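Participant: Handing you a structure now.
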Amino acid sequence: MIYLDNQATTPLAPEAREAMLRWLGGPDSETFGNPHSPHRLGRTAKAAVEVAREQVAALFPAGGRVVFTGSACEAINLAIRGAPGDGPMALSTIEHAAVYDTTKALGRGHYLSVDSAGVCQPDQDLPDGTSLVAVMQVNNEIGTVQPVDQWAAKAHAAGALMLCDAVQGAGKLAPPQDADLIVVSAHKLYGPKGIGALWVRDGVTLTPQITGGLQEGLRSGTLNPALCAGFGAAARLAAEQMAQDNTHARSLFDRALELFAGWTVNGSMTERNFANFSIRKDGLDVARLMSDCRDIMFSAGSACASGSGKPSHVLTAIGLSPAEAKSAIRLGFGRYTTMEELEQAVAMIKGAAATQE
Ligand code: PLP
């Protein structure tokens, strides 16, 4: 098996796994306490949560607090549904479904277009009375990096809050400095699944969406110290290894580019997270390709769009026809991807694609 789907999820870093084990808490341990209990066992668990919170906080700018959630989707829902105001919510047309569908469900979405390189240029007007602007840091399907701080300046000039989904950027890029609400997910940066975080700038008030104790202040539910500890360790490691991880991803991207000569890259070649290699080839039957390459874990467009039969909204937003959008694949490189794996995978994918000619 060769894993090339690191935008869908990443393997757990050994360091994060190690940090989690202690907090799984069997009956003979003193690590199974409820972190919200005031007794010693509870305080022990709480200390682990707070160490993790500090480590995760280093992914964000100064001047805010980290609210742990069960996923990035949950954090996005809290930010959007809990934000003050009832005006339009302006979002880029390439936002993740968590932003797209939530603003749509509220009937308040106003769409900001992207150019053919997949960048949401900040020269677009916001509608009167905009309450919230949502532009992601890095797109999950095509890897484009967005001018988030420029959008934050526009949002603030219009009296709106700025939300940034930084799920694909956290641990790879410096955080956006001027957003008011930032979302990350542990499992995209070699941490565990089932935990995300919403960073809330000091002074911003949100309405909780999950009531029942409000253990996290803005969110109810008992925290899982093992997940928090794994998230914290993964965040610390991501910060320490950021330069090295990015250099590694860049060398894999450059090699993939050579090997896939003749295919077209989707998205900007400069404003990009180079761990994302999204490409297409006219006439490619992606479903057939994927079934011919079962030992390679990669994606058609995005994990969410895969299997739905619908062309990806991101690929159509950059101007691709439905047929072009359906001829795209995404290879996602990660910290543990080797050059040998890449070369083997490309040989298999190109071999399978050649049988379709
Ligand atoms: N936002 C982006 C850009 C993503 O890529 C994803 C996951 O695919 C999410 C949000 C949702 O993350 P989670 O799985 O933690 O809910």
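Participant: For segment 306-357, what % of the accessible area comes from carbon and sulfur atoms, probe 1.4 Å? Can you show the working numbers first?
Facilitator: Working: 1340 of 2330 Å².
In segment 306-357, the share of accessible area belonging to carbon and sulfur is 57 percent.
Participant: Could I ask something else about it? Give me the percent of DSSP beta bridges within the chain that run antiparallel, rounded to the nearest 5. Provide the component values of the computation, followed by the final result.
Facilitator: Values: 21 of 38 bridges.
Percentage antiparallel, nearest 5: 55.
Participant: Below 8 Å between Cα atoms, with a sequence gap of 6+, how large is the relative contact order for segment 211-327 in percent?
Facilitator: Relative CO of segment 211-327 lands at 18 percent.
Participant: Taking Cα atoms, how many degrees apart are the long axis of helix 72-82 and the longest axis of the chain, rounded to 10 and kept between 0 and 90?
Facilitator: Computed tilt is about 60 degrees.
Participant: Relative contact order for the chain using alpha-carbon pairs under 8 Å, separation at least 6, rounded to a whole percent?
Facilitator: Working: 752 pairs, mean separation 83.4, N = 357.
Relative contact order here is 23 percent.
Participant: Still on this structure: Take the cross-link list Lys281/Lys310; Lys46/Lys154; Lys104/Lys281; Lys193/Lys281 and give me the ones stretching past 29 Å between alpha-carbons. Spell out each step's value before the answer.
Facilitator: On the way: Lys281/Lys310 18 Å; Lys46/Lys154 39 Å; Lys104/Lys281 32 Å; Lys193/Lys281 33 Å.
The pairs that break the limit, which is 29 Å between Cα atoms, are Lys46/Lys154; Lys104/Lys281; Lys193/Lys281.
Participant: Net charge around Ser131, counting only other residues with Cβ within less than 9 Å of its Cβ (Lys, Arg = +1; Asp, Glu = -1)? Intermediate results must be reported in sequence, preceding the final value.
Facilitator: Working: positive: Arg108; negative: Asp86.
Value of the local net charge: 0.
Participant: In whole angstrom, how long is each semi-axis of the equivalent ellipsoid of the chain, when you take the square root of 5 times every eigenvalue of its Cα gyration tensor and sort them from largest down?
Facilitator: Three semi-axes, in Å: 34, 27, 16.
Participant: So what's segment 202-357 giving for Rg/Rh, alpha carbon basis, Kirkwood Rh from the mean inverse pair distance?
Facilitator: Using only Cα positions, Rg/Rh for segment 202-357 is 1.08.
Participant: Calculate how steeply helix 40-57 sits against the longest principal axis of the alpha-carbon atoms of the chain, using the helix alpha-carbon long axis, and give the answer as 0 to 90 degrees to the nearest 10.
Facilitator: The two axes meet at around 40 degrees.
Participant: Just reorder His39, His313 by solvent-accessible area, largest first, 1.4 Å probe, all chains present.
Facilitator: His39, His313
Participant: In a shell of Cβ-Cβ distance under 15 Å around Phe68, excluding Phe68 itself, what net charge do Lys and Arg (+1) and Asp and Glu (-1) give? All intermediate terms of the calculation are to be shown ahead of the outcome.
Facilitator: Working: positive: Lys46, Arg53, Arg65, Lys193, Arg219; negative: Glu50, Glu54, Glu74, Glu216.
That works out to +1.
Participant: Same structure, new question: Working from Cα positions, state the angle (0 to 90°, nearest 10) between the long axis of helix 225-259 and the longest principal axis of the chain.
Facilitator: Its long axis makes an angle of about 20 degrees.
The values are calculated or read from the model by the stated rules, or taken from the named source; none is laboratory data. Note that this is a predicted model, so its numbers are computed, not measured. Note that we place each Cβ from the backbone using ideal geometry, even for glycine, and neighbour counts take in every protein chain shown. With ligands, DNA and RNA removed, areas are computed over all heavy atoms of the protein, side chains included. Shrake-Rupley method; radii C 1.70, N 1.55, O 1.52, S 1.80 Å.
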